[in-house]
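Some notes on the structure that comes next.
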Amino acid sequence: MDDLKEKYLAKIADAEDEAALEDLRVQAIGKKGEISLKMRELGRMSPEERQVAGPKLNALKNEITSALAARKAALADAALEERLRNEWLDVTLPGRPRRQGSIHPVSQVTEEITAIFADMGFAVAEGPQIESDWYNFDALNIPPEHPARQEHDTFFMSRAPGDTRPPHVLRTHTSPVQIRAMQAQGAPIRIIAPGRVYRMDMDQTHTPMFHQVEGLAVGRDISMANLKWVLEEFCRAFFEVDEVEIRFRASHFPFTEPSAEVDIRCSWDGGSLKLGEGDDWMEILGSGMVHPKVLEAGGIDPQQWQGFAFGIGIDRLAMLKYGIPDLRAFFESDLRWLRHYGFPALDIPTLHGGLSR
Ligand code: DAH
């Protein structure tokens, strides 16, 4: 018995891991273990012998059991010590100033536009991107047979088979927010509505999803002169340079009368886009006096109220202001592009603090 004891205690002390300990447990006190077999022999002993051997064997078994447990605990302690040594971290080291994320030019420009119009008393309004046919077209004086519907290259949602109602659309412009805002607030009203719009179109200056900001101002005697001043003021503030040149061009939209488009002088020389020079003009917005039928659709009496509206292409403003030649790259999520054209996350555009510094 002393031999057994010595043998197992030595082996347990040397065991390197839990698996080795388990092997030893089975060898010693498992069902067919050496000590268990010895215990079975007790039955064949004389009562006197048994009285001596029984307690000894039990004591031996207990001793082995506690040696196994002690070794197991020691191994766990050692493993923990080892981890604490290896996973040590000096939390007093200075942090690494790495610029991880950046603000996308579209978000940046949206913030800049919002800051400028907020300063002129415009609140921000919102509407859904999946829009009803009525809000996207009819309410804006574009009835079903109107040719303007074709020009919009609309994405249609599907309807259940047999459902003959006109399908919903991915809004083709932010103009339906005019109607929703008028219905919600009535007149007078002064809002802008930035957001995503969708059209089936794709080239260097068009993507199937792009961004517009709608503007709407309705009051007792708001005129075309107010519109012109607001747009000129906006362009001056937005482009932050002296030599930007804009032109108003007579145009036509079903939802305004009269209507005007605004272009900005730019050049595309050598594949790069430059503002305020060259012989090219880039269209950046449509505008006009809100059509009486549109006021009516918004629940506003055109005998009492009048106003102007405009729709600006946000992505195009971003291209012009920051000299980004290809619109498609805006939505490719190429990290190198994002790092190059992105803006620091904590510099929020304000008129007093600077729009883009
Ligand atoms: N909704 C027009 C478009 O997407 C842009 C526009 C033109 C908006 C004139 C207006 C406006 O509010 O008055 O092409």
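Throughout, read-outs are computed from the coordinates displayed, never taken from laboratory work. Quick caveat: nothing in here was measured; it's all calculated off a predicted structure. All Cβ positions, glycine included, derive from the backbone under ideal geometry; neighbour counts span all protein chains shown.
Which order, highest average first, do 6-13, 257-264, 239-246 follow once you tally other Cβ atoms within 10 Å for each residue and take the mean per peptide? Spell out each step's value before the answer.
Values: 6-13: 15.0, 257-264: 18.6, 239-246: 13.1.
Taking the mean over residues of other Cβ atoms within 10 Å, the ranking is 257-264, 6-13, 239-246.
Mind checking which of 193, 142, 227 is farthest towards the positive end of the stretch 102-243's charge dipole, using Cβ charges of +1 (Lys, Arg) and -1 (Asp, Glu) about the Cα centre?
Of the options given, the answer is 142.
Would you pull out the residues with amide H under 5 Å of residue 168's amide H, same chain only if 5 or more places away, H placed 1.01 Å from N?
So residue 168 has HN proximity to 157.
Of all DSSP beta bridges in the stretch 105-341, what percent run antiparallel (nearest 5)?
On the way: 45 of 47 bridges.
Percent antiparallel among DSSP bridges in the stretch 105-341 is about 95.
Give me 173, 152 ranked fewest to most by other Cβ atoms within 10 Å of their Cβ, as a rough exposure proxy. Mind showing how you got there, number by number?
Details: 173 22, 152 19.
Ordered from fewest to most neighbouring Cβ atoms within 10 Å, 173, 152 come out as 152, 173.
So, with +1 on the Cβ of K and R and -1 on the Cβ of D and E, and no other charges, what is the size of the charge dipole of the chain about its Cα centre, to the nearest 20 debye? Each step should come with its number before you reach the end.
Values: 41 positive and 55 negative charges, 322 e Å.
It works out to roughly 1540 debye.
Output ³J(HN,Hα) for the stretch 300-306: one whole-Hz value per residue in order, computed from phi by the Karplus curve 6.51 cos²θ - 1.76 cosθ + 1.60 with θ = phi - 60°, and x for Gly and Pro.
So the Karplus estimates, Gly and Pro as x, are 10, 6, x, 6, 9, 10, 8 Hz.
Kindly provide the helix-only [θ] at 222 nm of the chain, computed as the sum of -39,500 (n - 2.57) over DSSP H runs of four or more divided by all residues, to the nearest 500 deg cm²/dmol?
On the way: 12 runs with 144 residues, N = 357.
Calculated at 222 nm, the ellipticity per residue is -12500 deg cm²/dmol.
Name the residues whose placed amide hydrogens come within less than 5 Å of the amide hydrogen of residue 251, ignoring near sequence neighbours (fewer than 5 apart) on the same chain.
Excluding prolines and chain starts, which carry no amide H, the hits are 259, 260, 261.
Which is farthest toward the positive dipole end of the chain among 342, 75, 105, measuring Cα position about the Cα centre, with Cβ charges +1 (Lys, Arg) and -1 (Asp, Glu)?
Of the candidates, 75 comes out farthest on the positive side.
Springs between alpha-carbon atoms under 10 Å, Gaussian network over the chain: tell me which of 77, 138, 269 tops the mean-square fluctuations.
Evaluated over the chain, the most mobile residue of the options is 77.
Using only the alpha carbons, work out the radius of gyration and Dmax of the chain in angstrom.
39.3, 123
For the stretch 12-65 and the stretch 233-277, what is the centre-to-centre distance using only Cα atoms, to the nearest Å?
The two parts, judged by their Cα centres, are 95 Å apart.
Just rank 229, 305, fewest to most, by other beta-carbon atoms within 10 angstrom.
Details: 229 12, 305 21.
Ascending Cβ contact count within 10 Å gives the list 229, 305.
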